[in-house]
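**Q** Sharing a structure below in structure tokens format, with a few things to ask.
Read-outs: derived from the displayed coordinates by stated rules, not from any lab. Since this is a predicted model, take the numbers as computed values, not measurements. Positions of Cβ are backbone-derived with ideal geometry, glycine not excepted, and every protein chain shown enters the neighbour counts.
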Amino acid sequence: MAAALGAAAGRQANLPPCGGDVRQDRGGREGSRRFQCSWRRGWRDSAPSVGFADISPTRGEIGRASAEARATVNICCVGDDDQSIYGWRGAEVDNILRFDKDFPGATIIRLERNYRSTAHILGAASHLIAHNEGRFGKTLFTDRDEPEDDKVHVHAAWDSEEEARAVGETIEAYQRPDKQGNRHNLNDMAILVRASFQMREFEDRFVTLGLNYRVIGGPRFYERLEIRDAMAFFRVVAQGADDLAFERIVNVPKRGLGEATIRQIHDTARALRIPMLEAAAKLAESDELKPKPRAALREVAANFERWQKALETTPHTELAETILEESGYTDMWKNDRSAEAPGRLENLKELIRSMEEYESLRSFLEHVALVMDAEQNAELDAVNIMTLHSAKGLEFETVFLPGWEEGLFPHQRALDEGGRSGLEEERRLAYVGLTRAKKNLHLWFVSNRRIHGLWQSTIPSRFLEELPEAHVDVAESGNSYGGYGNNYGGGSFAWGRGGRQNPYGASRFDNIAEEKSFSNTYATPGWQRAQANRTEATDRNWGSRSGHQVERIGYGETDSGHGAGRTSVKGRTIDGELVAKSVADKPSAFSVGDRVFHQKFGNGNISAIEGNKLTIDFDKAGQKRVLDGFVAAV
């Protein structure tokens, strides 16, 4: 599932002998010559292979500059433009899309035969990714032709708790012996989530069911740095004698308490045989410490005393939020400019939400202790849980993709910061998730999800609308799921299979049996209001909710070859070059230092410019990287 690109052109340049060191100097010929010489030595007898799908613009320039050093450019680049998913850390899909311009005469070889997935999975994935404009285009096919292969299953649930429960039941069903007595190994199943906070619900559910699981690509939910810190605050409040927890957070956020001060607290506690929290309170009232650490300890002791008094009178979820706010821990991550900070804040909100199921803070802490005791053994047969970004390059017999709702997938932050380019990367991420499955694939969305501490009604992801009917089966359900009870429980989204009457009003999937395609037919006041407020600018930016209009490309038609649209697509729709929206046609009109305004992030100053991408230091939101079309000069 990759595109291999090769170039062979050019004659020997009259370069002087190589010498000196290698310097990256875009402006000087001498620095550039030394740079090329270094690469010429390394490439004298080889044809390098470079992975181009996920490299940064700078690394792309290195590859292009180095090729100029050879008498005959002989370079092979392998990459899949449909799997470029690391734009948030600097990767540019444009590197591979403009390869044939950087190396005129390059040959593009499409590797389209797939040896992993069923025809239904390939058909669904290919049709979804065809909605992207920034791609070369290819049509996956497989020689595997087994009529008994399942279609891609789409399920609905009321909320994330029911979603996790249903996924657990499906996993248990797969574990039961089939007619031949074979069992589905847990190692061959994976749950791929868009955001790490989604893992918590599944981890808790699997502990309840006694299902083994492992988290790949990162720690388990309760092992994450921010969750351990928050839990340490809660443990000290619930049990003031927990010295390990107190020592972890006494200087978090930074309060100017160094190792010497903490050692003195520890020594005092041991000498008086009292907990460290009590020792800190005593030191804060003495003259044994310098004024600054003494004042910091006095504040810490006063905070914990106040929180402990509120433990019996304040709802534990409210108290937990108060602790994180008053301690400064939430603000610490809000002010953090790292790429991980937004995810850590989401995890903290999910932690607070998860506490609602328990009657007190102490009972919640007991539950977490039980979860943390769950064995993590690499040799154990266990369900794999990971983010979609961590799943690239892996494959599993059965894959579950939960959380396919607008705002979560595609993620709202990607849309706000990247516009059309961000949407296309989210669609590539969905494509990666779909193609991890070999045989069984289940997609889930819920009608209600807790977002930023509040329950909100959600709508299914636009990506579900972009799946072809011939390869998708909508699972029947015995429940009504909010506004989607009619047909994501077995009605019109199932293309006319029939279903119960939706008691919550019209579904967006009504009339699909007649139109034979997905459509937006919301009858809710909010949707009607949004449609009434549409402008030419929003249509140009976002297109239709399913992305730009594309020709249906023959999946499921009688002439669609191997079930992936191979015959009917060739030469009709997705073959040939398309330019990504993130490519700048001309230099940005802004300059470093300009003062600009962003609709979401407010005012800020431009600190760096790369094409049409601006790095902006916002006054309140910190540093962000956005397209210049989303800001206005102040």
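**Q** For Arg595, put the label point 7 Å out on the Cα→Cβ axis and report which residues of the stretch 601-634 keep their amide N under 12 Å from it.
**A** Residues passing the 12 Å test: 603-606, 633-634.
**Q** Can I ask one more? How much length, in nm to one decimal, is gained on full extension between Ala633 and Arg362, taken as 0.36 nm per residue of separation minus their Cα-Cα distance?
**A** Working: separation 271, 0.36 × 271 = 97.56 nm, distance 5.23 nm.
Between Ala633 and Arg362, full extension yields 92.3 nm more.
**Q** While we're looking at this one, here's another question. Which distance in nm do the two modelled labels at Glu259 and Asn74 give, with both placed 7 Å along the Cα-to-Cβ direction?
**A** Reported label-point gap for Glu259 and Asn74 is 5.6 nm.
**Q** If packing is taken as the average number of other Cβ atoms within 10 Å across a peptide's residues, how do 267-275, 611-619, 181-189 rank, most packed first? If you can, show how the numbers build up before the last one.
**A** Values: 267-275: 13.6, 611-619: 18.7, 181-189: 15.2.
Highest-to-lowest ranking by the protection proxy: 611-619, 181-189, 267-275.
**Q** A further question follows. What net charge do the residues around Ala608 carry, taking every other residue with its C-beta under 13 Å from that of Ala608, with Lys and Arg at +1 and Asp and Glu at -1? Can you show the working numbers first?
**A** On the way: positive: Lys613, Lys624, Arg625; negative: Asp594, Glu610, Asp617, Asp628.
Spelling it out: positives minus negatives among the neighbours equals -1.
**Q** Amide H of Val474: which non-local residues (sequence gap of 5 or more, or other chain) have their own amide H closer than 5 Å, using H built in the peptide plane?
**A** Correct list: Val154.
**Q** Need the list of lysines near Lys290 for cross-linking: C-alpha distance under 20 angstrom, and skip anything on the same chain fewer than eight residues off.
**A** Candidates past the 8-residue exclusion: Lys254, Lys282.
**Q** Pulled fully out, how much extra length does the chain show between Glu285 and Ile109, if you take 0.36 nm times their separation in residues and subtract their Cα-Cα distance? It would help to have the intermediate numbers written out before the result.
**A** Values: separation 176, 0.36 × 176 = 63.36 nm, distance 7.50 nm.
Between Glu285 and Ile109, full extension yields 55.9 nm more.
**Q** Related question: Can you work out the PRE-style zone for Asp619? Point 7 Å along Cα to Cβ, and I want the residues of the stretch 585-611 with backbone N under 16 Å.
**A** Counting only backbone N, you get 594-606.
**Q** Give the lysines reachable from Lys438 as a straight Cα distance under 26 Å; neighbours fewer than 8 places away on the same chain don't count.
**A** Hits, sequence-local ones excluded: Lys138, Lys151, Lys179, Lys392, Lys570.
**Q** How much net charge surrounds Asp287 when only other residues with a Cβ under 13 Å from its Cβ are counted (Lys, Arg +1; Asp, Glu -1)?
**A** Values: positive: Lys282, Lys290, Arg294, Arg298; negative: Glu285, Glu288.
Charge balance near Asp287 sits at +2.
**Q** Quick one: net charge around Arg595, please, counting Lys, Arg +1 and Asp, Glu -1 for every other residue with C-beta under 12 Å from its C-beta. Don't skip to the end; give the middle numbers.
**A** On the way: positive: none; negative: Asp594, Asp617, Asp619.
Combined, the nearby Lys, Arg, Asp and Glu give -3.
**Q** Residue by residue through the stretch 274-287, which ³J(HN,Hα) values in whole Hz follow from phi under the Karplus form 6.51 cos²θ - 1.76 cosθ + 1.60 (θ = phi - 60°), with glycine and proline marked x?
**A** Result, rounded to whole Hz: 10, x, 5, 4, 5, 5, 5, 5, 5, 5, 5, 9, 9, 9.
**Q** Full extension from Asp267 to Glu299: what is 0.36 nm times the residue separation minus their Cα-Cα distance, to one decimal in nm? Please report the intermediate quantities before stating the final value.
**A** Values: separation 32, 0.36 × 32 = 11.52 nm, distance 2.03 nm.
Working it through step by step, the gained length comes to 9.5 nm.
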